[in-house]
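Okay, so here's the structure we're looking at.
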Amino acid sequence: MALYGVPVLILKEGTSRAHGKEALKANIMATKVLAEILRSSLGPRGLDKMLVDSFGDITVTNDGAAIVKEMEVQHPAAKLLVEAAKAVDAEVGDGTTSVVVLAGALLERAEKLLDQGIHPTIIIEGYKKAMNKALEILDEIAIKVPISNIEVVEEREKAKAELKKTLYTTLASKYIATSDVLDKIMDMVMEAAFTAAEKRAEGNYDIKLDMVKIEKKRGGSLGDSMLIYGVVLDKEVVHPAMPRRVEKARIALLDTPLEIEKPDITAKINITSPDQIRAFLEEEAKILRDYVEKIASVGANVVICQKGIDDVAQHYLAKKGIMAVRRVKRSDMEKLEKATGGRIVTSIRDLTERDLGECSLVEERRIGNDKMMFVEKCKNPKAATILLRGANDMLLDEVERSINDALHAVRNILRDPKIVPGGGATEIEVAMRLRKWAESIAGREQLAVLAFADALDEIPSVLAQTAGMDVLETVMELRKTHAEGRKSSGIDVINGKVNDDMINLNIVEPVIVKKQIIKSATETATTIMKIDDVIAASPKKEEKPGKKGREEEEEEGARLPLD
Ligand code: ADP
Ligand code: MG
C-alpha cells in the first residue's frame with residue numbers, strides 16, 4: 001500500500017496471508033487430513049500406528065491421544081484439533097479418536113454448505129443449536145447403572161459386574177483385549193479405582209486418580225502384574241547393612257541431600273599439614289552424623305530421600321538400623337506424602353516427629369532381576385499401585401495407556417452412573433432425532449442441523465468400514481432399525497454385523513464421554529470456521545550448514561536419517 005508515494009508496511013516481510021474462503025478451505029483441508037489419518041484407528045478393529053519421534057523413539061499405538069501427541073502437527077488449524085483431542089483425554093480419558101473423526105466430518109459437511117453459498121456464521125449457529133439438542137437427547141436416552149455403596153462387599157461385586165461392561169468397550173480396541181489376562185487386569189483396575197474412591201454427598205463417587213500409580217517393570221509376562229495397596233518405588237535400599245524389611249514404619253520424607261554440598265563457587269583451601277586434612281574430613285563426617293542423629297531422634301526408621309545420600313551418611317544410618325532409599329522422583333515423593341500422611345521436609349534441622357509418614361510395612365522385594373521398594377498399608381488407605389510386567393517397553397507403554405483409559409472409564413461411571421450403547425448405536429439414534437427436530441427450524445440453519453446429523457453418521461460408517469462391512473448398506477439398515485424403535489441396535493464390529501442389542505453385547509460407553517466428544521468436536525469445528533484470515537510469520541530461516549550453533553547441531557544429530 002502506498003500513501004503519498006511512501007510505502008506503508010504493516011506485516012513483516014515474508015509473512016504469508018491467506019484470506020476469506022481461501023483461508024477457511026485450507027484450514028478445513030488440514031483438519032480433514034488429520035481425521036483421515038485417525039479414522040482407521042477407531043474401534044476394536046482399528047489398526048495401530050507406528051510413530052517415530054525426532055529422537056528415533058518408537059511408539060506403537062491406536063490410542064488417539066497418544067497418536068496426536070506424538071505426531072508433530074504443523075498446520076495451525078490441525079493443531080487446534082490436536083489440542084481438543086488432548087483436552088478430551090485429560091477430561092474423560094477416552095474418545096480422542098472419535099473427537100478428531102467427528103470434527104473432521106463436521107467440517108467436511110460445512111465445506112459443502114459453504115460451496116452452496118451459505119455463510120459460515122449461519123453454519124456455526126446451526127451447529128451450536130444442534131449440539132445443544134444432541135446433548136439433551138443424550139440425557140434422554142442414557143441408561144442408569146445401578147451402582148451404590150461400593151464399600152459393602154456384595155455391592156462392590158455387583159458394581160464390578162456393571163463396570164466390566166463399560167470396560168470391555170473401552171478396552172476393546174486395545175492390545176490387552178485379546179490377551180488372556182484381560183479379566184485380571186480389569187479386576188486390578190477396578191480395585192485400584194475403588195481404593196482411591198471417595199463418596200460424595202450426592203451419593204456418587206469421586207476417584208482421586210493421582211492416588212493410583214502405574215509402575216512398569218520390564219520382564220516376566222502381563223499375567224505377573226499385580227495390585228499393591230500402597231506405593232511401589234523402582235528403587236532399592238542404599239546400603240547392604242540396612243534392614244530390608246521394616247514393620248510399623250515411620251518414614252522421613254526428605255527433599256534435601258544427605259551429603260556435604262560442594263560450594264557453587266570454586267573455593268581454594270590451603271592445607272599445610274596432614275592434621276588439617278583429618279580435621280577437615282572429621283568435620284564433614286560430624287555434620288553427616290548429626291544429620292543422622294537428628295533423623296533417629298525424631299523416631300524415623302525409614303528415610304526416603306529425593307536427593308543423594310553420601311556413603312558416610314549411609315554408614316551411619318545403617319548403624320542406627322534405619323532403612324534408606326535415595327533419588328526418588330518428585331511425583332513419587334508427593335504420592336508418598338499423601339499416602340503416608342507425612343510431610344516432605346527440605347531441611348533436616350526442621351524435621352520433627354509430626355513430619356513422619358506412617359505405614360505398616362516397607363519392604364525391598366525382588367521383582368524379576370531387580371529390586372523394588374514396597375510401601376504398603378499406608379496411613380491413608382487410598383493409595384494403590386498397579387505394577388505392570390511385560391516383555392518389552394513398547395508393550396508396557398501401550399498397556400499403561402490402556403489402563404489409564406480404563407481407570408478413567410471407571411471414574412466416569414462412578415461420577416455419573418449413566419451409559420449409552422456403543423458401536424454407533426447412539427450416534428444413529430441422536431442423528432435420527434436431530435433430523436426430526438430440524439423440521440422445526442426455519443431457514444438455512446436447518447441445513448446446518450441436518451449436516452450436523454449427517455456428520456454423526458461418520459462414527460458408525462467408520463466402524464462398519466473397519467469391520468469390512470458395506471458402509472452405506474449398514475448405515476441404512478441402522479437407520480431403519482432405529483426408526484422402528486430399536487434404540488440400541490448398532491454394529492458388532494467383532495462379528496461384522498448389525499446387532500439389535502449393543503447393551504446385551506456389553507458394548508456400552510459412559511454418557512459423559514459421548515457428551516464430551518460432541519462438545520469438543522463442535523467447539524473445534526466452529527472455532528475453525530470462524531477464522532477468515534490466517535496471517536503467518538515467515539518461519540525462521542535455517543542457517544547454512546557449517547554456521548550452526550551448538551544446540552542446533554545437537555538437535556540435528558538426534559534426528560533420524562530419513563531425509
Ligand atoms: P476413541 O479414542 O474415540 O475412544 P476407540 O478406538 O476406543 O476410539 O473406539 C471407540 C469406538 O468404538 C466407540 O464408538 C465404541 O462404541 C466403539 N466400539 C468399541 N467396542 C466395540 C465393539 N465390540 N463393537 C462395535 N463398536 C465398538
Ligand atoms: Mg476408546
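Quick test of your reading of the structure: Ser440 fulfils all but one of (1) outside any helix (DSSP H, G or I); (2) among the polar types (S, T, N, Q); (3) buried (at least 24 other Cβ atoms within 10 Å of the Cβ). Name the failing condition by number.
Against the list (1) outside any helix (DSSP H, G or I); (2) among the polar types (S, T, N, Q); (3) buried (at least 24 other Cβ atoms within 10 Å of the Cβ), Ser440 comes up short only on (3).
If we keep just the residues of region 35-45 that are part of a helix (DSSP H, G or I) and within 15 Å of ligand 2 (Cβ to nearest atom), which is surrounded by the fewest Cβ atoms within 10 Å (Cβ to Cβ)?
The residue in question is Arg39.
Is there a residue being crowded, with 17+ Cβ neighbours inside 10 Å and within 16 Å of ligand 2 (Cβ to nearest atom) anywhere in region 27-34?
No, region 27-34 contains no residue that is crowded, with 17+ Cβ neighbours inside 10 Å and within 16 Å of ligand 2 (Cβ to nearest atom).
Within region 475-530, track down each residue that is over 30 Å from Lys128 (Cβ atoms), of a type in the set (D, E, K, R) and near ligand 1 (Cβ under 9 Å from one of its atoms).
Asp492
Can you name the residue in region 146-188 that is in contact with a strand residue (DSSP E or B) (Cβ under 7 Å, 6 or more places away or on another chain) and within 16 Å of ligand 1 (Cβ to nearest atom) and is also least open to solvent (accessible area, probe 1.4 Å) among such residues?
Among residues in region 146-188 that are in contact with a strand residue (DSSP E or B) (Cβ under 7 Å, 6 or more places away or on another chain) and within 16 Å of ligand 1 (Cβ to nearest atom), the one least open to solvent (accessible area, probe 1.4 Å) is Thr166.
I'm trying to understand the selection: among the residues of region 359-394, which are open to solvent by 50 Å² or more (accessible area, probe 1.4 Å), within 14 Å of Asp234 (Cβ to Cβ) and among the charged types (D, E, K, R)?
Selection gives Arg365, Arg366, Asp370, Lys371, Asp393.
Just name the residue that is nearest to the chain's Cα centre (by Cα) out of those in region 247-264 that are surrounded by 11 or more Cβ atoms within 10 Å (Cβ to Cβ) and in a loop (DSSP other than H, G, I, E, B).
Asp255
So which residues in region 189-224 are among the aliphatic types (A, V, I, L, M) and surrounded by 15 or more Cβ atoms within 10 Å (Cβ to Cβ), if there are any at all?
Across region 189-224, the qualifying residues are Val189, Met190, Ala192, Ala193, Ala196, Ala197, Ile207, Leu209, Met211, Val212, Ile214, Leu222.
Residues are listed down the side, and each one gets a yes or a no for (1) in a helix (DSSP H, G or I); (2) over 20 Å from Asn27 (Cβ atoms); (3) modelled with pLDDT of 75 or more; (4) more than 15 Å from ligand 1 (Cβ to nearest atom):
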site: Leu47; (1), (2), (3), (4): no, yes, yes, no
site: Met50; (1), (2), (3), (4): no, yes, yes, yes
site: Ser54; (1), (2), (3), (4): no, yes, no, yes
site: Val60; (1), (2), (3), (4): no, yes, yes, no
site: Ala66; (1), (2), (3), (4): yes, yes, yes, no
site: Glu72; (1), (2), (3), (4): no, no, no, yes
site: Lys79; (1), (2), (3), (4): yes, no, yes, yes
site: Val82; (1), (2), (3), (4): yes, no, yes, no
site: Ala85; (1), (2), (3), (4): yes, no, yes, no
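Which of the residues belonging to region 123-134 are crowded, with 16+ Cβ neighbours inside 10 Å and either over 30 Å from Ile403 (Cα atoms) or away from ligand 1 (no atom under 16 Å from the Cβ) (or both)?
Matches in region 123-134: Ile123, Ile124, Glu125, Gly126, Tyr127, Lys128, Lys129, Ala130, Met131, Lys133.
Please name all residue pairs, on different chains or six or more residues apart, with Cβ atoms under 8 Å, provided the first residue is in region 36-49 and is on the phi < 0 side of the Ramachandran plot and the second residue is open to solvent by 50 Å² or more (accessible area, probe 1.4 Å) and part of a helix (DSSP H, G or I).
What qualifies is Arg39/Gln465; Lys49/Ile37.
When region 405-433 is examined, which residues are found to be among the small types (Gly, Ala, Ser) and part of a helix (DSSP H, G or I)?
Correct list: Ala406, Ala409, Ala425, Ala431.
Going through region 478-499 one residue at a time, which ones are out of contact with any strand residue (DSSP E or B) (no Cβ under 9 Å at 6 or more places or on another chain) and among the basic types (Lys, Arg)?
Arg479, Lys480, Arg486
Report whether or not Gly485 is on the phi > 0 side of the Ramachandran plot, outside any helix (DSSP H, G or I) and modelled with pLDDT under 90.
No: the conditions fail for Gly485.
Helices (runs of 4 or more DSSP H) wholly in region 265-355 with at least 1 residues that are hydroxyl-bearing (Ser, Thr, Tyr) and within 26 Å of Ile214 (Cβ to Cβ) - which ones?
The qualifying helices (runs of 4 or more DSSP H) are 330-340.
For region 105-162, which residues satisfy the criterion of being among the hydroxyl-bearing types (Ser, Thr, Tyr) and farther than 27 Å from Trp437 by Cβ?
Within region 105-162, Ser148 is the sole residue that qualifies.
Quick one: how many residues across region 274-305 are small (Gly, Ala, Ser) and open to solvent by 40 Å² or more (accessible area, probe 1.4 Å)?
Matching residues across region 274-305 total 2.
Conditions tested, residue by residue: (1) in a strand (DSSP E or B); (2) touching a residue at least 24 places away in the same chain (Cβ under 8 Å).
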position: Ala192; (1), (2): no, yes
position: Glu202; (1), (2): no, no
position: Asp206; (1), (2): yes, yes
position: Lys216; (1), (2): yes, yes
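The values are calculated or read from the model by the stated rules, or taken from the named source; none is laboratory data. Just so it is clear, the structure is predicted and the values come from calculations on it, not from any experiment. Cβ atoms come from the backbone with ideal geometry, glycine included; neighbour counts cover every protein chain shown. Accessible surface is based on the protein model in full, side chains and every heavy atom, while ligands, DNA and RNA are left aside. Shrake-Rupley method; radii C 1.70, N 1.55, O 1.52, S 1.80 Å.
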